[in-house]
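K.L.:
Just passing along the structure, written as structure tokens.
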Amino acid sequence: MHDGILMELLVVFSLAVVVVYICHRFRIAPILGFLITGAMAGPHGFSLVSSIKEVELLAEIGVMLLLFTIGLELSLEKLVEMKRAVFLGGGVQVGLTVAIGCGIAWILGYSPNHSIFIGFLVTLSSTAIVLKILQEQGEVGTAHGGASVGILIFQDLIVVPMLLLIPLLAGKAENPLLEMAIFLLKFAAIGLALWFGARRLIPAVLFMIVKKRDPELFLLSIIVIGLGIAWLTALAGLSLALGAFLAGLIISESEYGHQAFATILPFRDIFTSLFFISVGMLLDVGFLWIHFPLVMVGTLSVILLKTLLAGGGCLFFQGRFFCFCCRWYEFGSN
């Protein structure tokens with residue numbers, strides 16, 4: 001069994017090398033090459049991989065490492081400065097997207113509950129894909145990069161209340177208000193624990209470890225901290241990837257953040273590529289071929305809708321929307 005998955009990983013990575021190399025020759029983003037690799041190797045392609053669950057597990061590790069390194073590049077202070085992007089910009093984007101997506105679904109004939117659920121689906125974005133593109137282009141620390149990170153963080157937070165509301169929409173919820181209250185209490189408790197760890201515990205532990213001058217010990221400690229914080233956030237119902245992001249933020253507060261980033265970087269690139277390959281494995285090429293016009297219209301509509309709403313959210317929280325309205329009013333008056 002172990003030999004089987006090892007051989008399949010060898011086949012997948014070999015195919016990825018060829019596909020990504022061709023993408024570079026035609027100046028196509030490597031992410032697209034990984035997605036194509038997954039589509040070719042997956043069950044809807046040439047069925048080169050049968051251990052899909054094992055690949056998805058490794059892919060989950062890749063997402064955690066990606067979000068962990070993103071957190072290392074930022075800091076808690078920068079995250080606090082982004083509070084307007086997180087709560088105002090993210091709230092505007094999510095609220096408007098859910099409302100408009102729900103309205104369109106209702107016009108198309110779906111029931112109110114199904115329409116709300118479709119609005120939930122439309123509003124969420126892939127944090128891993130967006131942040132990977134921003135990181136490759138060195139735009140995580142820019143103004144638009146910070147706005148994107150803020151909106152994505154809000155989406156990761158709001159997904160938990162959405163999941164709690166789904167049984168209510170399906171008519172199977174027992175006590176949604178109690179579940180929401182329990183989630184808020186867990187979230188507050190873990191938030192206090194993370195704040196204490198960032199300010200007191202983690203820097204002291206890393207200082208003791210670095211004094212031993214053992215690279216293996218430092219690497220193991222970083223992994224334990226990252227997995228431990230991810231596990232704590234999972235207890236609150238949040239994603240493991242968001243927990244890894246918070247772990248990166250906490251370690252970045254210490255003076256060893258750059259050393260941790262350099263240590264984790266090689267592992268991140270390997271496992272992250274598996275994530276995009278696993279996403280490509282979900283693509284049913286036959287279904288896409290048969291329903292290509294419908295899929296393209298739906299995809300382009302969602303992209304256009306979310307581009308307009310996310311851009312509007314960024315303008316709104318930065319205050320530029322108000323300035324734009326004032327200038328337009330002055331122009332009209334003249």
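K.L.:
Residues to consider are L238, L227; find the one that is closer than 30 Å to E179 by Cβ, hydrophobic (A, V, I, L, M, F, W, C) and either over 25 Å from the mean Cα position of the chain (by Cα) or surrounded by 21 or more Cβ atoms within 10 Å (Cβ to Cβ) (or both).
P.N.:
L238
K.L.:
Which one of the conditions (1) at pLDDT 90 or above; (2) closer than 29 Å to T307 by Cα; (3) surrounded by fewer than 21 Cβ atoms within 10 Å (Cβ to Cβ) does L32 fail to meet, given that it meets all the rest?
P.N.:
Here L32 meets the rest and fails (1).
K.L.:
On the basis of being assigned to a helix (DSSP H, G or I), within 23 Å of the chain's Cα centre (by Cα), buried (at least 18 other Cβ atoms within 10 Å of the Cβ) and at pLDDT below 80, does G313 make the cut? Break it down stepwise before answering.
P.N.:
Working: assigned to a helix (DSSP H, G or I): yes; within 23 Å of the chain's Cα centre (by Cα): yes; buried (at least 18 other Cβ atoms within 10 Å of the Cβ): yes; at pLDDT below 80: yes.
It is true that G313 is assigned to a helix (DSSP H, G or I), within 23 Å of the chain's Cα centre (by Cα), buried (at least 18 other Cβ atoms within 10 Å of the Cβ) and at pLDDT below 80.
K.L.:
Which numbered condition in (1) over 20 Å from I250 (Cβ atoms); (2) in contact (Cβ under 8 Å) with a residue 40 or more places away in the chain; (3) in a helix (DSSP H, G or I) is the only one that L65 fails?
P.N.:
It is condition (1) that L65 fails.
K.L.:
Among the numbered criteria (1) modelled with pLDDT under 80; (2) more than 18 Å from the chain's Cα centre (by Cα), which single criterion is violated by L308?
P.N.:
Only one criterion in (1) modelled with pLDDT under 80; (2) more than 18 Å from the chain's Cα centre (by Cα) is unmet by L308, namely (1).
K.L.:
For the condition part of a helix (DSSP H, G or I), in contact (Cβ under 8 Å) with a residue 60 or more places away in the chain and β-branched (V, I, T), what is the one hit in I129, I116?
P.N.:
Working: I116 fails: in contact (Cβ under 8 Å) with a residue 60 or more places away in the chain.
Exactly one of I129, I116 is part of a helix (DSSP H, G or I), in contact (Cβ under 8 Å) with a residue 60 or more places away in the chain and β-branched (V, I, T), namely I129.
K.L.:
Among A198, A260, which is touching an Asp or Glu at 6+ places or on another chain (Cβ under 9 Å), in a helix (DSSP H, G or I) and buried (at least 19 other Cβ atoms within 10 Å of the Cβ)?
P.N.:
The conditions single out A198.
K.L.:
Return a yes/no flag: does the range 150-165 have any residue that is more than 27 Å from C102 (Cβ to Cβ), touching a helix residue (DSSP H, G or I) at 6+ places or on another chain (Cβ under 9 Å), surrounded by 13 or more Cβ atoms within 10 Å (Cβ to Cβ) and at pLDDT 75 or above.
P.N.:
No: zero hits.
K.L.:
Can I ask one more? Scan the range 247-257 for residues that are part of a helix (DSSP H, G or I) and either of a type in the set (F, W, Y) or more than 20 Å from I129 (Cβ to Cβ) (or both) and jot them down.
P.N.:
Passing the criteria: A247, L249, I250, I251, S252, G257.
K.L.:
Have a look at R268, R213 and point out the one that is under 27 Å from L10 (Cβ atoms) and basic (K, R).
P.N.:
None of the other options fit; the residue is R268.
K.L.:
To continue, here is another question. Among L58, L48, which is over 30 Å from S301 (Cα atoms), modelled with pLDDT under 85 and not in a helix (DSSP H, G or I)?
P.N.:
L48
K.L.:
Can you pull out every residue in the range 1-45 that is among the hydrophobic types (A, V, I, L, M, F, W, C) and assigned to a loop (DSSP other than H, G, I, E, B)?
P.N.:
Matches in the range 1-45: M1, F26, I28, A29.
K.L.:
When residues of the range 263-306 are filtered for being closer than 16 Å to P43 by Cα and not in a helix (DSSP H, G or I), how many remain?
P.N.:
Adding up the residues that qualify gives 3.
K.L.:
Can you pull out the residues in the range 207-224 that are without any contact (Cβ under 8 Å) to a residue 24 or more places away in the chain and either loosely packed, with under 12 Cβ neighbours inside 10 Å or closer than 15 Å to A247 by Cβ (or both)?
P.N.:
Those that are without any contact (Cβ under 8 Å) to a residue 24 or more places away in the chain and either loosely packed, with under 12 Cβ neighbours inside 10 Å or closer than 15 Å to A247 by Cβ (or both): M208, K211, K212, R213, E216, L220, S221, I223, V224.
K.L.:
Could you check L35 against (1) closer than 14 Å to L283 by Cβ; (2) touching a Cys at 6+ places or on another chain (Cβ under 7 Å); (3) of a type outside the set (D, E) and say which number it fails?
P.N.:
In the conditions (1) closer than 14 Å to L283 by Cβ; (2) touching a Cys at 6+ places or on another chain (Cβ under 7 Å); (3) of a type outside the set (D, E), L35 misses (2) alone.
K.L.:
Would you confirm whether any residue within the range 76-99 is small (G, A, S), part of a helix (DSSP H, G or I) and free of Cβ contacts under 8 Å to residues at least 12 places away in the same chain?
P.N.:
yes
The values are calculated or read from the model by the stated rules, or taken from the named source; none is laboratory data. On a predicted model such as this, the values are computed, not experimentally measured, just so you know. Quick reminder, even Gly has a Cβ in these numbers, built from the backbone with ideal geometry, and neighbours come from all protein chains shown.
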